[in-house]
1. Here are some conditions: (1) closer than 20 Å to residue 199 by Cα; (2) touching a helix residue (DSSP H, G or I) at 6+ places or on another chain (Cβ under 7 Å); (3) buried (at least 22 other Cβ atoms within 10 Å of the Cβ). Residue 143 meets all but one. Which one does it not meet?
2. Considering only residues that are in contact with a strand residue (DSSP E or B) (Cβ under 7 Å, 6 or more places away or on another chain) and surrounded by 16 or more Cβ atoms within 10 Å (Cβ to Cβ), which ones fall in the stretch 91-109?
3. Just to be sure before I move on: is residue 216 modelled with pLDDT of 95 or more, closer than 19 Å to residue 313 by Cβ and surrounded by fewer than 22 Cβ atoms within 10 Å (Cβ to Cβ) in the structure I sent?
4. Here is a check on your reading of the model: is residue 210 surrounded by 17 or more Cβ atoms within 10 Å (Cβ to Cβ) and at positive phi?
5. Could you please give the count of residues in the stretch 184-199 that are farther than 18 Å from residue 152 by Cβ, touching a helix residue (DSSP H, G or I) at 6+ places or on another chain (Cβ under 7 Å) and buried (at least 22 other Cβ atoms within 10 Å of the Cβ)?
6. Can you tell me how many residues in the stretch 154-176 are without any contact (Cβ under 8 Å) to a residue 24 or more places away in the chain and either more than 16 Å from residue 98 (Cβ to Cβ) or buried (at least 17 other Cβ atoms within 10 Å of the Cβ) (or both)?
7. Sort out which residues of the stretch 188-208 are part of a helix (DSSP H, G or I) and under 10 Å from the mean Cα position of the chain (by Cα), and write them in order of number.
8. Only one of these conditions is not met by residue 316: (1) modelled with pLDDT under 95; (2) closer than 24 Å to residue 242 by Cβ. Which number is it?
């Protein structure tokens with residue numbers, strides 16, 4: 001899918017520019033805020049930016065595009081081959097984990113992450129009603145083409161309730177089969193729609209069909225979200241089946257896969273959430289699950305679950321290494337004897 005030289009150049013560009021660009025963009029945006037406030041608490045106790053600081057930077061970027069323009073101008077010569085990564089680290093939407101710092105999450109107690117694919121849809125609000133009633137969080141991996149004015153409001157509600165919005169690409173495309181141009185468009189277009197809807201980029205991406213390879217992991221620019229409990233709600237379309245598939249297989253640290261585009265799933269969630277809460281589970285976002293289990297996610301990492309004793313996640317693949325250049329063997333003269341032998 002990718003030319004080897006292009007792969008190597010992309011990797012070098014990402015390593016050299018990603019952090020520098022993010023820092024420059026944020027600093028420039030914060031300068032714009034200087035006249036409006038005296039101080040922004042931009043650093044958490046563990047050294048990471050707070051969501052409030054990111055949103056403040058986003059507001060500044062809306063007032064003026066100077067910060068982004070300046071950053072782009074200073075990095076023009078180094079970002080031409082890393083467009084996807086660079087454009088997701090501008091001041092208007094830095095990728096940050098979706099962690100509700102006001103939530104009372106106890107890392108020592110059991111927790112699970114309910115996740116929903118393929119929305120936003122007509123049943124997403126119903127699922128949010130259940131989550132809100134129990135002060136529970138979940139993660140929604142949205143398809144970009146499903147985002148419009150109405151569903152943007154649903155996404156904003158989800159974020160307001162402490163939920164996470166992740167990417168499921170623009171058109172639910174198989175990234176393994178996509179060419180380089182389609183690959184980039186599927187990720188960037190969905191990112192841009194999500195940014196427009198909620199004011200920030202998604203942190204995780206869930207590849208459609210669960211299909212991935214090392215090429216996808218190297219170039220996706222995000223951690224990849226998988227699952228450890230598959231309800232198969234898309235196949236059964238049955239409320240009781242979805243409930244039993246979840247409750248009969250759940251354990252501390254699991255990531256549950258469902259889809260918020262089915263009424264049967266919304267009805268199942270109305271039973272699953274109170275049952276899990278009654279059993280003592282904390283319902284958290286995928287970002288919260290990895291964070292409170294002490295796993296720092298990186299671009300290209302895969303998370304399946306965060307079981308306390310044996311969490312299942314994979315580190316990013318090694319960067320592309322160019323194939324060794326081989327010297328072709330010298331050509332030999334073809335003699336009559338050689339031709340005759342070849343014909344036997």
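The values are calculated or read from the model by the stated rules, or taken from the named source; none is laboratory data. Since we're looking at a predicted model, the values are computed, not measured. Glycine gets a Cβ as well: all are built from the backbone with ideal geometry, and neighbour counts include every protein chain shown.
1. Only one criterion in (1) closer than 20 Å to residue 199 by Cα; (2) touching a helix residue (DSSP H, G or I) at 6+ places or on another chain (Cβ under 7 Å); (3) buried (at least 22 other Cβ atoms within 10 Å of the Cβ) is unmet by residue 143, namely (2).
2. 98, 105
3. For residue 216, the condition - modelled with pLDDT of 95 or more, closer than 19 Å to residue 313 by Cβ and surrounded by fewer than 22 Cβ atoms within 10 Å (Cβ to Cβ) - is met.
4. For residue 210, the condition - surrounded by 17 or more Cβ atoms within 10 Å (Cβ to Cβ) and at positive phi - is not met.
5. Summing the residues that are farther than 18 Å from residue 152 by Cβ, touching a helix residue (DSSP H, G or I) at 6+ places or on another chain (Cβ under 7 Å) and buried (at least 22 other Cβ atoms within 10 Å of the Cβ) in the stretch 184-199 gives 1.
6. Here the count works out to 0.
7. 191
8. That leaves (2) as the condition not met.
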